[in-house]
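Please read the structure below before turning to the comments.
The values are calculated or read from the model by the stated rules, or taken from the named source; none is laboratory data. All figures in this text were calculated on a predicted structure; none of them were measured in a lab. Here the Cβ is made from the backbone with ideal geometry for all residues, glycine too, and neighbour counts use every protein chain on show. These accessible areas exclude ligands, DNA and RNA; they are computed on the full protein's heavy atoms, side chains included. Shrake-Rupley method; radii C 1.70, N 1.55, O 1.52, S 1.80 Å.
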Amino acid sequence: MPSSNFNWQITLAEKVVAITGANRGIGLGIAEVCLANSAKFVYTLDLMEPGEDFAALQKRYSNLRCIQPDVTSEESIEKAINQVIEETGGIDGLVANAGMTKHRPALKFDREQLDNLSNLNVFGAYFGAQIVARKSIELGVKGSIVMTPSMTSYRPDRVRTTFSKCFNYVRNMCHTLAMEWSKHGIRVNSISPGFVRTAMTYYVENFPDWDIKTQYYGGMPRLADPRELGGAYVHLLRESSSYTTGIDIPIANVIVLCYSDCRN
């Protein structure tokens, strides 16, 4: 049970959060919202070089830091997490956000391509969570882990069937880990975005019938800004959500209903 001095504020004050795949896109949007909600430090764990958007955000928040591990390597991600702990004294939350997609029918997927998807989307999320859970137990921290599957884990589209299957694994993995790690006070949840405006989804609004689709299905006729997801991550990372574990929050607007009609 929470103690009498429990922090019920909607804040990440004094919290150290690491976010994989956060040098751009959804991850960087999450990082910005965490920083805006008073996170003590936010670390992006991303093999890609930080770009202009990252540099601009770091100018506003000097407590944004970057480490460049390979999240598909257990040794590399553990080294990065250890660095976070050495520099800050601990780690309170992990957002396992790193992921990729491949727009290709299942009949054209070969083993190498499937391995690449699974290594990043599934095993990268799993081993990152496992390492942070071990460290949390060692440090006596009641931490929070949030993974980022996709709305395609609910309703696959016809050009990303294998991608969808990866995130089925991730979303269900969260429920399993939540049950196993709850006795340690470690919460595991996930957030499933729909279409978010990133380098991976720029093509969506260029569909010839985009306007017709949005008029027919209703909802907001646009893609999400990555920062529009951030509030849900802050909610799951914050201390006052201490009884929330094993859930998935879909953030997709009505536009998710267009998925099955998309072409690449």
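Looking only at region 72-86, decide whether some residue is surrounded by 17 or more Cβ atoms within 10 Å (Cβ to Cβ) and modelled with pLDDT under 95.
yes
Being in contact (Cβ under 8 Å) with a residue 24 or more places away in the chain and of a type in the set (Asp, Glu) is the filter; apply it to region 27-63 and report the residue that is most open to solvent (accessible area, probe 1.4 Å).
GLU49
THR148 passes all but one of (1) modelled with pLDDT under 95; (2) under 22 Å from LEU35 (Cα atoms); (3) open to solvent by 60 Å² or more (accessible area, probe 1.4 Å); which number fails?
(3)
Does MET100 fit the bill of being in contact with a Phe, Trp or Tyr (Cβ under 9 Å, 6 or more places away or on another chain), surrounded by fewer than 18 Cβ atoms within 10 Å (Cβ to Cβ) and not in a strand (DSSP E or B)?
Working: in contact with a Phe, Trp or Tyr (Cβ under 9 Å, 6 or more places away or on another chain): yes; surrounded by fewer than 18 Cβ atoms within 10 Å (Cβ to Cβ): yes; not in a strand (DSSP E or B): yes.
Spelling it out, MET100 is indeed in contact with a Phe, Trp or Tyr (Cβ under 9 Å, 6 or more places away or on another chain), surrounded by fewer than 18 Cβ atoms within 10 Å (Cβ to Cβ) and not in a strand (DSSP E or B).
Given the criterion hydroxyl-bearing (Ser, Thr, Tyr), modelled with pLDDT under 75 and touching a strand residue (DSSP E or B) at 6+ places or on another chain (Cβ under 8 Å), identify the matching residue among SER164, SER153.
On the way: SER164 fails: touching a strand residue (DSSP E or B) at 6+ places or on another chain (Cβ under 8 Å).
Just one listed residue meets the conditions, SER153.
Show the residue pairs meeting these rules: Cβ distance below 7 Å; 6+ apart or different chains; first residue within region 210-233 and at negative phi; second residue at pLDDT below 70 and loosely packed, with under 15 Cβ neighbours inside 10 Å.
Going by the 7 Å Cβ cut-off, the qualifying pairs are LYS213/ASP261; TYR217/VAL254; LEU223/GLU205.
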